[in-house]
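First up is the structure itself, then whatever we jot down about it.
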Amino acid sequence: MKTHLGFYLNLIAILLFIPGILLPMFSLSMDVSATIAGPALTSALINKELSLLTTIQELWQNDRLLVSGLIFIFSICIPLLKTALVAWSYFKRKTQLERKIISFVGAIGKWSMADVFVVAIFLAVLSTNHAETASQQTLSIMGFKLNLMISSETLSAVGPGFYFFCAYCLLSLIGTQLSQSGLYKVSRLNE
């Protein structure tokens, strides 16, 4: 019973994984304003919505190959490998191969916590929500003094991809644990 439930939870998890990597995980915008004696000039410097896949692609294009590669391995490759192995073991019922596969998946399941770590890093980077900076300068031009105020505002928000990805992580871990406990219960009964 636990093995079946674990398998189905892993199937649901992979269905959550797909929008988790495709939908925007976060959005980031940065505006800068310059005010000279009343009127203000405002310009958007950054206005992005990034999914996990677009983040990997952008990091790769900006020659941040190590970070891009690590995020790709831990957030894309390991989850897909884990799901494929759980499905394969489910259909290799009551064999030594099933036990080996589930044990391996349990071992790499600890590495899948790196998914959660990646998401935590995103949130730490984005913790600048509503961060504002301002500086005032006085310009002297031909004896006239002008007050110049330059300010910037950074806004960030979590997108729907974040919630789908977190749900994937949690369901996948629970499903793998159920598969392992169901497998060990069956193996103890056979001994």
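Structural remarks
- Per the listing L45, L41, L28, L70, the residue uniquely at pLDDT 80 or above and either among the aliphatic types (A, V, I, L, M) or more than 26 Å from the chain's Cα centre (by Cα) (or both) is L70.
- Odd one out for I21 among (1) touching a strand residue (DSSP E or B) at 6+ places or on another chain (Cβ under 9 Å); (2) surrounded by fewer than 18 Cβ atoms within 10 Å (Cβ to Cβ); (3) β-branched (V, I, T): (2)
- Residue among L50, L28 that alone is more than 30 Å from S140 (Cβ to Cβ) and touching a Lys or Arg at 6+ places or on another chain (Cβ under 6 Å): L28
- V86 in a helix (DSSP H, G or I), surrounded by 11 or more Cβ atoms within 10 Å (Cβ to Cβ) and at pLDDT 80 or above: yes
- Residue match in the range 126-149 (condition: β-branched (V, I, T), at pLDDT below 70 and part of a helix (DSSP H, G or I)): yes
- Looking only at the range 14-63, and only at residues there that are part of a loop (DSSP other than H, G, I, E, B) and in contact (Cβ under 8 Å) with a residue 40 or more places away in the chain, the one that is farthest from N147 (Cα to Cα): L23
- When the test is whether a residue is at negative phi, at pLDDT 75 or above and either part of a strand (DSSP E or B) or surrounded by fewer than 17 Cβ atoms within 10 Å (Cβ to Cβ) (or both), S187 does not pass it.
- Residue count for the range 82-98, restricted to those that are of a type in the set (G, A, S) and either in contact (Cβ under 8 Å) with a residue 40 or more places away in the chain or in contact with a Ser or Thr (Cβ under 6 Å, 6 or more places away or on another chain) (or both): 2.
- When the range 26-64 is filtered for residues that are among the small types (G, A, S) and on the phi > 0 side of the Ramachandran plot, the ones remaining, listed by number, are A37, G38.
- Test result for S43, surrounded by 15 or more Cβ atoms within 10 Å (Cβ to Cβ) and out of contact with any helix residue (DSSP H, G or I) (no Cβ under 8 Å at 6 or more places or on another chain): no
The values are calculated or read from the model by the stated rules, or taken from the named source; none is laboratory data. What you see is a predicted model, and the numbers here were worked out from it, not measured in a lab. Positions of Cβ are backbone-derived with ideal geometry, glycine not excepted, and every protein chain shown enters the neighbour counts.
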